[in-house]
Structure formats: C-alpha cells, structure tokens
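**Student:** Sharing a structure with you now.
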Amino acid sequence: MAMVCLNDFEEYAKQHLSKATGDYYDAGADDCCTREDNLLAYKRIRLRPRILRDVSINDTRTSVLGMEISFPVGIAPTGFHCLAWHEGELATARATEAVNTCYIASTYSTCSVEEIAAAAPNGYRWFQLYLYRDRKLSEQIVRRVEALGYKALVLTVDVPYTGKRRNDIRNQFKLPPHLKVKNFEGMFQEQAGSQEEYGIPANTLDPSISWKDVCWLQSLSRLPIIIKGILTKEDAELAVEHGVQGIIVSNHGGRQLDGGPATIDCLPEIVDAVQGRVEVYMDGGIHTGNDVLKAIALGAKCVFIGRPAIWGLAYKGEEGVREILQILHDEFRLCMALSGCRNVAEINRNLIQFSRL
C-alpha cells in the first residue's frame, strides 16, 4: 500500500509494534481527553484563503534561534526509539539532518547523546532536559551536550510527577533487558533492583522544580534555554521575565494532566503575551501540512512532531522518518499555495477563522 499520509504510517505502526510498545507510544493520561482534543482542535479551525496571488514560486524555509531550517516542522523529544526500530535515535537524527530541520533529542533516549551526535554530525540538535533530585545527574548531561555541539536546552516542566497512563500500568510496561536509558547507563547501579519508572529508578524526578531552577541552569550553561510545557499566558510572561529564549506550548501529548486544553487552543494567548520577545513553538496533534499551516498562522515559529516520527521509524527506520517529514513538507507547501501564501512570512492570523460549531 502506498503511504500517502501520516495516518497510513500510524496504521502500519499499530499493526506491527507489540501491544505494550504500541500502547506506550499511544498513551494518554487517564481518559485521554486531552490527547484526543489535541487532534480535534484543528478541525475547529478554518482557513480563509486568498486568491490570485501568483504562487508559482513558494518558499517553506524559516529559522529557529537564528538557524535556517527547510520548513517549520521539527522532531519533538520522544523516548525509547529503539523500541520502534533497531537503530532508534540514530535513524531519527540522520533523517532530520538529511531534511535539514531540528531534532530535539530526549533525555530518555535508547542511544546516548554522543552516539546521536556521531550519527548526524552536521545535524541541528537541541537537547530535552529533566531536572532530577540529584542535580549532579542533570549537570553532567548538560555539560556533555554543550561539549557535543547541541544548540539549546529544552527544559520540560510539566512532569513533577508522571501522569497516570492506564495501559502502561495494565501492561506493566518496562524496557526490555537489551535496552537502556543510555544517557544514564551505569549511573544507578547502586539502586539496582529498586522499582523502576520508564527505565530509571522511581522518584528520581524532582517535584520541587521551580523558576529558581531556570536561573540555576543559566548559571550552568551558555546554551539558550527553551521551556517546554507552558499552556498559559501567565507562565509565558514569567518565562520571558526569567530570560528564556523560547517556549514550546505543549501538554506532553496529553500524557500528563488530562482535562487540560489542546495546545493549538493555547497558542494565541501565549503568542499575544510574549509579543515577540521570545520565539514560540508548539507540539501536539500535528498530522497534516494543513495543521502546520494553522499553527504557523496562529503565531508558532515552528511545530514539533512526536508520535508521527515513531510511526515513521516503525515503518522503515531512517527512510520512514524522512518520508514522514517529506509528506508534511509537501502538504504544507501545497496548503500555503492554495491559501495564497508565497513564503512563511506571509502566513498570519488573517488566514484563520474559528468554527462556531
């Protein structure tokens, strides 16, 4: 069967991954209302296309933190890529390098930050960071990624505790013995045999994380800091006050707090709150180039895809991720042209109409 859209890759992945692995990637918290609304919210948004604009040439390029990328879609941080494809994050890194876009490597990678950097030495990479009760763990990995040429730290702030993902509990999800959270390999030997949560000892994450820790990170590294997990204008304003360089509007793919809003619904108030002082990105629910266009029109500088990258991996590794990105690129370019936009700078809120249904 020809793989025509991202839904085709999702269907393939669901048929070929084990139940526990498929459930892990698909998981949402509790009743999965927020996970589902991330998708449904785009259907409440309509486009107001302009015509007779000469779209014989259109340009999808944009930039994030001053770096030009081929189009405003990057790869969001997602864990355990080796569950989907044997080369895991190495394949993902090579695919994003080939397409010339941004890859946010996850703390919970099944390949190390060193291996990822070596696999795609010319790729544009950020690193997603959690803060742990033992700050030395976080400090060590920050120093490693800075030395390896990662270009930003993406601090995930919506996981003081892990959300209740029912199927993972039912399946008693654990990494298989041959896979590890490679960035921390050998660091928890003294806790061997203790209860694990997604590959590392339970209760390792620090629920006391606060804005003062952003200042601590700034004292530790010269890398730009991007806050991932903001959903309100109040927190967006605090992020700007604390000197971060970017915000990713994110609800963790609906995996944390159920009953929260869809990310695309939060985007306009956050864009309005920061008033261009920092770049605003978003993730959650992106399945088509049409979705990308709507997010950019509402003020996102770039969007990041999580689960679709996994579907691409499950289909054909690096080639599958490249296909996913190419489909989104082609759909985005077409939707731009059909809406009368010749370049990304021409995409703005005048293109958007919210449905009254």
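**Student:** Answer yes or no as to whether L238 is hydrophobic (A, V, I, L, M, F, W, C) and either under 17 Å from A76 (Cβ atoms) or buried (at least 24 other Cβ atoms within 10 Å of the Cβ) (or both). Outline the logic, then answer.
**Tutor:** Working: hydrophobic (A, V, I, L, M, F, W, C): yes; either under 17 Å from A76 (Cβ atoms) or buried (at least 24 other Cβ atoms within 10 Å of the Cβ) (or both): no.
Against the criterion (hydrophobic (A, V, I, L, M, F, W, C) and either under 17 Å from A76 (Cβ atoms) or buried (at least 24 other Cβ atoms within 10 Å of the Cβ) (or both)), L238 does not qualify.
**Student:** For Y281, state whether it is under 21 Å from the mean Cα position of the chain (by Cα), within 30 Å of A147 (Cα to Cα), of a type in the set (S, T, Y) and open to solvent by 30 Å² or more (accessible area, probe 1.4 Å).
**Tutor:** Details: under 21 Å from the mean Cα position of the chain (by Cα): yes; within 30 Å of A147 (Cα to Cα): yes; of a type in the set (S, T, Y): yes; open to solvent by 30 Å² or more (accessible area, probe 1.4 Å): no.
Against the criterion (under 21 Å from the mean Cα position of the chain (by Cα), within 30 Å of A147 (Cα to Cα), of a type in the set (S, T, Y) and open to solvent by 30 Å² or more (accessible area, probe 1.4 Å)), Y281 does not qualify.
**Student:** Take the residues of region 103-162 that are part of a helix (DSSP H, G or I) and polar (S, T, N, Q): which is nearest to the chain's Cα centre (by Cα)? Full working, then the answer.
**Tutor:** Here is the first cut: in region 103-162, the residues part of a helix (DSSP H, G or I) are 113-119, 135-147.
Still in the list and also polar (S, T, N, Q): 138, 140.
Values: S138: 20, Q140: 23 Å.
This residue is S138.
**Student:** When you scan region 169-181, do you find a residue that is open to solvent by less than 70 Å² (accessible area, probe 1.4 Å), closer than 22 Å to K151 by Cα and β-branched (V, I, T), even just one? I'd like the intermediate steps shown before the answer.
**Tutor:** Within region 169-181, the first condition is being open to solvent by less than 70 Å² (accessible area, probe 1.4 Å), and the residues that meet it are 171, 173, 175-176, 179, 181.
Filter once more, keeping what is closer than 22 Å to K151 by Cα: 181.
Pick out the ones that are also β-branched (V, I, T) and you get 181.
Yes, region 169-181 has at least one match.
**Student:** Identify the single condition in (1) of a type in the set (S, T, Y); (2) at positive phi; (3) at pLDDT 95 or above that Y150 does not satisfy, given that it satisfies every other one.
**Tutor:** Of everything listed in (1) of a type in the set (S, T, Y); (2) at positive phi; (3) at pLDDT 95 or above, Y150 misses just condition (2).
**Student:** Please specify each residue of region 246-278 satisfying the condition of being surrounded by fewer than 16 Cβ atoms within 10 Å (Cβ to Cβ) and among the polar types (S, T, N, Q).
**Tutor:** Q275
**Student:** Would you please name the residue that is nearest to C5 (Cα to Cα), looking only at residues in region 316-352 that are among the polar types (S, T, N, Q) and open to solvent by 20 Å² or more (accessible area, probe 1.4 Å)? Step through it out loud before you land on a result.
**Tutor:** Of region 316-352, the ones among the polar types (S, T, N, Q) are 326, 339, 343, 348, 350.
Going one step further and asking which of them are open to solvent by 20 Å² or more (accessible area, probe 1.4 Å), we end up with 326, 343, 348, 350.
Values: Q326: 10, N343: 23, N348: 25, N350: 27 Å.
For region 316-352, the residue satisfying everything is Q326.
**Student:** Among (1) closer than 23 Å to K14 by Cβ; (2) part of a strand (DSSP E or B), which single condition is G79 missing?
**Tutor:** Every listed condition holds for G79 apart from (2).
**Student:** Name the residue that is most open to solvent (accessible area, probe 1.4 Å), counting only residues in region 43-60 that are touching a helix residue (DSSP H, G or I) at 6+ places or on another chain (Cβ under 7 Å) and part of a loop (DSSP other than H, G, I, E, B).
**Tutor:** R48
**Student:** Out of the residues in region 207-230 that are over 20 Å from the mean Cα position of the chain (by Cα) and small (G, A, S), state the one that is least open to solvent (accessible area, probe 1.4 Å).
**Tutor:** S221
**Student:** If I go through region 199-215 residue by residue, how many of them are without any contact (Cβ under 8 Å) to a residue 12 or more places away in the chain and of a type in the set (A, V, I, L, M, F, W, C)?
**Tutor:** Here the count works out to 1.
The values are calculated or read from the model by the stated rules, or taken from the named source; none is laboratory data. Given the structure is predicted, the values throughout are model-derived calculations rather than measurements. Reconstructed Cβ throughout: ideal geometry from the backbone, glycine too, with neighbour counts over all protein chains shown. Keep in mind that these areas ignore ligands, DNA and RNA; they rest on the heavy atoms of the full protein, side chains included. Shrake-Rupley method; radii C 1.70, N 1.55, O 1.52, S 1.80 Å.
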